[in-house]
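Inspection log for the structure reproduced underneath, given as structure tokens.
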Amino acid sequence: MQILKYNWFFYFVLMLNYLKAQTNSTIQFYFTYNSKPLTISDSTLPLLDSNGLQISNLKFYCSNIQFLKNKKVIVEEKNSFHLVDASNSSSQKINVAITSKLLFDELKFNLGIDSIANVSGALGGDLDQTKGMYWTWQSGYINFKIEGKSKQCNSRNNEFQFHLGGYTQPNYCLETLIFSLADKSLIDINVDVKKIIDQLKLQEQTKIMSPSKDAVLLSKKISTCFEILK
Amino acid sequence: MQKKIIIIFCISIFLLAFHYTENVTFFVPKNWPQPVYDFTKNPLTKNKIELGRALFYDPLLSRNNTISCASCHSQYSAFTHSDHALSHGIDDSIGNRNSLALMNLAWQKLFMWDGAVNHLDVQALAPIHNKLEMDENIANVVTKLQNLKLYKFLFYKAYNDSNITGERTLKALSQFMLTLVSSNSKYDSVMRKQTQFTKQEGNGYTLFKKNCASCHTEPLFTNNQFMNNGLPLDSALNDYGRYTVTKNANDSLKFKVPTLRNIEFSHPYMHDGRFKKLSHVLNHYTKGVVKNKTLGIELQNEVNLSSNEKVDIIAFLLTLSDKKFLFNPEFSYPKNSFQTAKD
């Protein structure tokens, strides 16, 4: 009798696992400059425009992924943080395990790290403080980082560095991205890097390195540079 | 089938029990508030504390392997840098602030003189990355640790696998620092009714409660706030304290209210180490307070203390020295851990 009960339980777990294995959504990020794929590697960086624009580093956090149907959250990836790095193709693909067959019409995620994770001390995985996305002299995660060179920059070696983050008001820098889309298992999102560079206004500023009003404004603008590929 | 389940059950209980004995319970002294550190996210164990202690004393955490945390936080001076007004770091660089004494950190929410650090776990990142202190990089520290047999061993003991990550390194450092609890001074014995103040100390205590305790609040001797205690701005350093973090004008010239426990040993005093002696500190409170917008209300009216009363307050402050803490062998250089590496 006892054993029979256990067996039922095992079947139940197996069935759950089976369902889980069946549906899996993948979010795939692409980085493009003027519709061409952007490559960042250790070898010589390509020149992207007539000002000798080069991008050496481009990373951001994608967190709290939610799938919605009629504005109601049906699947949510809680407490998960993904560091998406333009120089690392495996980081650009995020699999979200889904335990039931669902039909969603909206995708939502945060660009950056929420304030709770920001005050939770040492964290692991993509949030490990060795990932270079954490300020050290003052606590807090960097949500979005872009670095490179352009002749437009009136700075040492024509370099630019934008480290956007901030988890306290009035400089809370977290952006939420919402996309309407048809239910499908592979979701392609393009990061329009040309549009991002245009927002930076490199002739006027070449650096943001700490939480500030400017960082909040720029994050808002950058959040418009993500688009669903149909 | 049933037999198997029973065996697995027994083994699990055994393993659980084994783990259990490894755990270290954090002791909260009687009548102290609950700590703010969330121990559920980083439960203390003997082996993690041991690992953290080795890391704290290891100069490997600096660029050229010369400076350890203990270089600026030495036990005999209550884990600060004694006799250095501004801390000394790598290549004899001189920093911008006086090192802070380390004790009772589990009760603190914000760290540094200006509160720039929001959690004990991430505190170590600041000195490790500071060009004038250790001038290293945490990713590099982790790589260095991964290449050493000693740390493969110590991480294995602490985490049951030898995977070395930034998270584990930082949490282990916290574990050691959390154990630095000072609660066995004469003052504490008096509070526990095990002994009594001398007449002079008792008089000092009364004066202290009247003039100082609103900021240096018992039993931790800090209210964990940022306050302006009327120090004139040092124009060479131009340090506006909390304001540099919040950019809020109301925070200008406010600094962390430091604990006064073990104050006898943590000289020189204040964020820039401007006072060498406790008598200089008391003279500041009676004669040196500069009035401005952010000055703590307690100090807006002049503090009147006769020279005898100052001596009494100092006598009281000396009852905050905790020899057990200053000479606790569990906090000192971990000779044994480093020895096992060589064997």
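Here are the numbers for this structure:
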| quantity | calculated |
| --- | --- |
| Gaussian network model of chain A, springs between alpha carbon atoms under 10 Å - residue of A:Ser180, A:Ser115, A:Ser43 with greatest fluctuation | A:Ser43 |
| Chains B and A together, accessible area buried on both sides, 1.4 angstrom probe, square angstrom | 1600 |
| Cα gyration tensor shape for the protein assembly as shown, rounded if a/c is under 1.5, else prolate or oblate | oblate |
| Gaussian network model of chain A, Cα within-10 Å springs - most flexible of A:Tyr141, A:Tyr33, A:Tyr167 | A:Tyr33 |
| Residues B:Asn292 and B:Ser214, FRET efficiency given R0 of 22 Å [Cβ-Cβ distance, rounded to 0.05] | 0.70 |
| Residues of segment A:105-144 buried by at least 50 Å² on assembly (accessible area, 1.4 Å probe, chain alone as reference) | A:Ala122, A:Gln129, A:Thr130, A:Thr136, A:Gln138, A:Ser139 |
| For segment B:254-263, Karplus couplings with θ = phi - 60° (6.51, -1.76, 1.60), whole Hz, Gly/Pro x | 8, 10, 4, 6, x, 5, 10, 5, 6, 4 |
| Spacing of the two label points (7 Å from each Cα toward its C-beta) at A:Asp49 and B:Lys323, in nm | 7.2 |
| Peptide B:93-101, shielding by other chains (average Cβ, 10 Å cutoff) | 0 |
| Chain A - percent of accessible surface contributed by carbon and sulfur, probe 1.4 Å | 52 |
| Residue-level accessible surface for A:Ser25, protein heavy atoms, 1.4 Å, Å² | 10 |
| Per-residue HN-Hα couplings for segment B:116-133 [Karplus 6.51, -1.76, 1.60; θ = phi - 60°; Hz; x = Gly/Pro] | 5, 9, 9, 7, 4, 4, 9, 4, 4, 4, 5, x, 4, 8, 5, 4, 8, 10 |
| Residues with amide H under 5 Å from that of A:Trp137, placed H, sequence gap 5 or more | none |
| C-alpha long axis of helix A:213-222 to longest principal axis of chain A, angle in ° | 60 |
| Amide H partners (placed H, <5 Å) of B:Glu133, local residues excluded | B:Ile90 |
| With Cα atoms, 0 to 90° folded angle of helix A:2-22 axis to chain A main axis | 40 |
| Max mean-square fluctuation residue, GNM over chain A, Cα-Cα springs under 10 Å, options A:Thr130, A:Thr32, A:Thr206 | A:Thr130 |
| Tilt relative to chain B, helix B:166-178 - C-alpha long axis, 0 to 90 degrees, to 10 | 50 |
| Accessible surface ranking that places the most exposed of B:Arg261, B:Arg63, B:Arg97 first, with a 1.4 angstrom probe | B:Arg63, B:Arg97, B:Arg261 |
| Other protein chain Cβ atoms within 10 Å, averaged over every residue that makes up B:113-121 | 4 |
| Tensor-based shape of chain B (alpha-carbon gyration tensor, a/c under 1.5 rounded, otherwise prolate or oblate) | prolate |
| Hz values of 3J(HN,Hα) by residue in segment B:284-295 - Karplus curve (6.51, -1.76, 1.60), Gly and Pro given as x | 4, 5, 8, 10, x, 5, 8, 8, 7, 4, 9, 4 |
| Filter on B:Lys199/B:Lys291; A:Lys93/A:Lys149; B:Lys131/B:Lys293; B:Lys247/B:Lys287; A:Lys59/A:Lys195 - keep pairs with C-alpha separation over 24 Å | B:Lys199/B:Lys291; A:Lys93/A:Lys149; B:Lys131/B:Lys293; B:Lys247/B:Lys287 |
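The values are calculated or read from the model by the stated rules, or taken from the named source; none is laboratory data. In this text the structure is predicted, and so the values were computed from the model without any measurement. Positions of Cβ are backbone-derived with ideal geometry, glycine not excepted, and every protein chain shown enters the neighbour counts. Side chains included, ligands, DNA and RNA excluded: accessible areas come from the protein's heavy atoms. Shrake-Rupley method; radii C 1.70, N 1.55, O 1.52, S 1.80 Å.
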